[in-house]
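Just below is one structure, and these are the notes that go with it.
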Amino acid sequence: MLRFDEPWTLFLEILGGVPNTVSLALASLVLGFVLAVGLALMRLSPWKPVAWLAYAYVYFFRSTPLLVQIFLIYYGTGQFEGLRESWAWPFFREAYWCAMLALTLNTTAYTSEIIRGGLQAVPWGQVEAAKACGMNAILRLRRVIFPQAIRQALPGYGNEIVLMVKSTSLASTITLLEITLIARKDASSTYTLDALVIAAAIYLFINLLATRGVAWLEYRLSPELREARILKALPDPGLSHVH
Amino acid sequence: MKKTITTLAAIAALAVAGLAAEAAAEWKKGSPVRIATEGAYAPWNYTDSSGKLVGFELDLAVDLCKRMAVTCEVVQQAWEGIIPALQAGKYDAIMAGMSITEKRMKVITFSRSYAATPAVFVVKSDGPFAGLKAAVDAVTMDKIDGAEKDAIATVKKAFAGKTIGVQIATTHENFLNEFVAGDVTVKTYDTQENLDLDLQAGRVDAALAAMSYWKPLLEKDGGKGLKMVGPGFTGGPFGNGVGAGIRQEDQALADMFSKAINAAIADGTVSKLAVQHFGFDASAKN
Amino acid sequence: MPEWLSLLAWGDTGWGDEMVRGALVTLQVAVVAFALGVVIGAGGAAVKLSRVPGLPLLGDVYTTLIRGIPDLITIYIIFFGGGQLAMSVARLFGHTGYIEIDALTTGVSALSVISGAYSTEVIRGAVMAVPKGQIEAAKACGMSRWTLFRRILVPQVARYALPGLGNVWQLTLKDTSLISVVGLTEIMRQAFVASGSTKQPFTFFVSAAVLYLALTSLSNKVFNGAEIWANRGVRRA
């Protein structure tokens, strides 16, 4: 059942959840990216225990549902009286920070795999060439490895951004008033779908913006591929069936 | 995006068209009446260890059906689908601890109320709010003047800057939003269980729910360190008590229920059943 | 015995058997939803690759919607709207009774629709990875459409799609946790009931995490085995 008597007020009400949703996604993506670079380097470390630790972290966060991770951090921490009386409690007390922590830890695991893939795609010959030019390790990372790895990782990271925007909806299960919870409150008290459909549209719009943004960044970061892509987009010259 | 909404709207319009097809039945003596209950809301209605539906409303239903001279059948229905299934004609009435609220009145109609359980705040018994008291024990919110304002002010002052937890889509949530939100942070929970967890953890300073929920809970396991404080609230935003939910086109059936409930209140049957099940008189007054 | 261990004991005193039963429900829901999702995915891929005007667009709308909307919202929409939809469809066919969609059906259909969208993309990619030359060669050998489909297309698509479908399986398995919101007693819901009753949420959510880890690790093994089997006879450089 849908009712169309007050769609505008409902839309504005749900729009009120956008700041929480977007800030949660943005903050955890930024924090998660920084941590993920470290984690990816750890996984590629020649020192086995470090690489293994990073692997275990990635394995845990990718093999369990985000919902479990969120509940563990939110409801789970409430079980310990010691924690409740410690300096850390003002942090864990808030659903917002718990959600951000869970989302950050989660995206760190996925992003580190994307970055690792990017790093491994950089041809070894280039690293050797950089060494031969006398670049030190930091300079090699900064000037040769990272720029290419990031470009390589960007499409995968675009997916991760969309997934994170979607994942913020789980914060609704720990009382955080974001888009999903506002919509759900309306749906469960009126037995109508309007609020949920509006919420779905808002998420689609945010994700549309995010994917456009990533596509633009991809375009900006790969000038040497641009020409080839334009050629590809041109009408078929009649040779494309030849493999 | 526009396409999505249009498609979903078309699907939904189809659904509405389908739902409106049910015709009103004629209600008279001897008619079969099917009553739905949830069977998971002790002590209003619940399932005993042998799988039988029991509770305050089950006993009351037997009494009311006798007074209406109809043959009743009680069916079990999950809470989420209880209103849609009524509209779809799976049964004719709902007796499931459902408060009579304006929002629900938009979709279905109700008999007069048969019970009114006050809403009560619960706090940790070793916390700073354990001593909270108001000038009166019972606050009726139908007409808000002197005494009611005082009681609300007491609550507001005590919890200013604090957090009160409440279950989602309940009359209790509506009350908090209307009267104390702004001074007090209101946190909503999917289930009462989650709210209880956060109350124990101290993420909320107080929780508001029906006394009929709290009383049995607090009597288990030494009260679990929780305590009821302040006045009990009824009326106004809490709805006009708990009544039987009925399809809007079956106003005649709603009237039959109301008449029977009036009689059962007048001769003390409802009070007797309430004391027996809740431990206090939760019968509807006037 | 430490307290947490006695909480997880088997039988009436602990929650161990309830949690494991929840895991079985999780596994059932995931298997059925994944299988239905693959069926939907095969259909979706066919729709997306079809040359009938309008059809590919329809497929695009489906996958774009599902991949852009949070799974939780999709589940709520099916939960709040599914019963009404089913009833009105039934009415079109003259059936007037009440149809109730239980939590299991709601959960399975929501997850199938979600995993179907991801499977569509995976299978479409796999079909496109089959070299056109092979199809032309098969036609040149005089294979009928059905033989071509069965002997050339399916074996290779299955091989190309397996790693991607493995990912879809993991996603579906983890998504079952969201079904707890509609009241299905799987791992998450069971962990909640137990935490509510014992006030030990950490213990039970850690147990839930361990059960999911076990399920994903085991199924990983199955998928790896399947990949090796599907790649038998493929020459490696």
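The values are calculated or read from the model by the stated rules, or taken from the named source; none is laboratory data. Keep in mind that this is a model prediction, so the values were computed, not measured. Quick reminder, even Gly has a Cβ in these numbers, built from the backbone with ideal geometry, and neighbours come from all protein chains shown. Heads up: the accessible areas ignore ligands, DNA and RNA and are worked out on the full protein's heavy atoms, side chains in. Shrake-Rupley method; radii C 1.70, N 1.55, O 1.52, S 1.80 Å.
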For chain C, what are the DSSP H helices with axial Cα length of 15 Å or more and mean Kyte-Doolittle hydropathy of at least 0.0? C:16-49, C:55-68, C:71-92, C:103-129, C:154-175, C:187-198, C:201-230
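Please give the direction-averaged projected area of the C-alpha convex hull for region A:39-111, in square nanometres with one decimal.
5.5 nm²
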Taking Cα atoms, the helix B:56-68 axis meets the longest principal axis of chain B at an angle in degrees (rounded to 10) of 40 degrees
Cα-centred dipole magnitude for the protein assembly as shown, charges only on beta-carbon of K, R (+1) and D, E (-1), debye, nearest 20: 3140 debye
Isotropic mean projected area of the C-alpha convex hull, the protein assembly as shown (nm²): 40.2 nm²
Say the dipole of region A:10-122 comes from +1 at the beta carbon of Lys and Arg and -1 at that of Asp and Glu; which of A:Ser86, A:Thr104, A:Val50 then lies farthest toward its positive end? A:Val50
For chain A, place one equal point scatterer on every Cα, skip the solvent, and apply the Debye formula. What is log10 of I(q)/I(0) at q = 0.12, 0.13 Å⁻¹? -0.86, -0.96
For chain B, calculate the relative contact order in percent as a whole number, restricting contacts to Cα pairs under 8 Å that are 6 or more residues apart. 27 percent
Cβ-defined net charge surrounding B:Lys272, 11 Å radius [Lys, Arg +1; Asp, Glu -1]: -4
Long-range alpha-carbon pairs in region A:158-199, meaning those over 11 Å apart, account in percent for 63 percent
Shape descriptor, region C:1-56: equivalent ellipsoid semi-axes (Cα gyration tensor, sqrt 5λ, whole Å, largest first) stand at 47, 8, 6
Find out how many positive minus negative residues lie around C:Val122, taking Lys and Arg as positive, Asp and Glu as negative, among other residues whose Cβ is under 13 Å from that of C:Val122. +3
Computed over chain B, the convex hull of the Cα set has an average projected area, in nm², of 17.6 nm²
Please go through the residue pairs B:Lys157/C:Lys199; A:Lys185/B:Lys157; B:Lys106/B:Lys187; C:Lys48/C:Lys132; B:Lys124/B:Lys187 and name each one whose alpha carbons sit more than 19 Å apart in this structure. B:Lys157/C:Lys199; A:Lys185/B:Lys157; B:Lys106/B:Lys187
Past the 22 angstrom mark, what percentage of all C-alpha to C-alpha distances in region B:119-238 do you count? 25 percent
Region B:182-286 - convex hull of alpha carbons, volume per residue in Å³: 152 Å³
For A:Val68, what is the net charge nearby, where nearby means another residue's Cβ is under 13 Å from its Cβ and Lys, Arg count +1, Asp, Glu -1? +1
Two-decimal Rg to Rh for chain C - Kirkwood Rh, Cα set: 1.07
Can you give the Rg to Rh ratio for region C:127-203, taking only C-alpha atoms and Rh from Kirkwood? 1.41
Take the solvent-accessible surface of the protein heavy atoms, probe 1.4 Å, and return the percent of it on chain B that carbon and sulfur atoms account for. 54 percent
What FRET efficiency, computed as 1/(1 + (r/R0)^6) with R0 = 30 Å and r the Cβ-Cβ distance, is obtained for A:Ile138 and C:Leu213, rounded to the nearest 0.05? 0.20
What does the convex hull of the Cα atoms of region C:1-106 come to per residue, in Å³, rounded to a whole number? 167 Å³
For region A:113-190, what does the convex hull of the Cα positions come to per residue, in cubic angstrom? 102 Å³
Given R₀ = 45 Å, what would the calculated FRET efficiency be for B:Lys143 paired with B:Leu217, taking r from the Cβ atoms and rounding to 0.05? 0.90
To the nearest 10 degrees, how steep is helix A:223-233 against the longest Cα principal axis of chain A, on a 0 to 90 scale? 80 degrees
Regression test value, accessible area per residue of region B:119-238, probe 1.4 Å, units Å², expected 40 Å²
Of the cross-linked pairs B:Lys28/B:Lys272; B:Lys28/B:Lys143; B:Lys90/B:Lys220; B:Lys149/B:Lys259; A:Lys166/B:Lys156, which ones have a Cα-Cα span greater than 30 Å in the structure shown? B:Lys28/B:Lys143; B:Lys90/B:Lys220; B:Lys149/B:Lys259; A:Lys166/B:Lys156
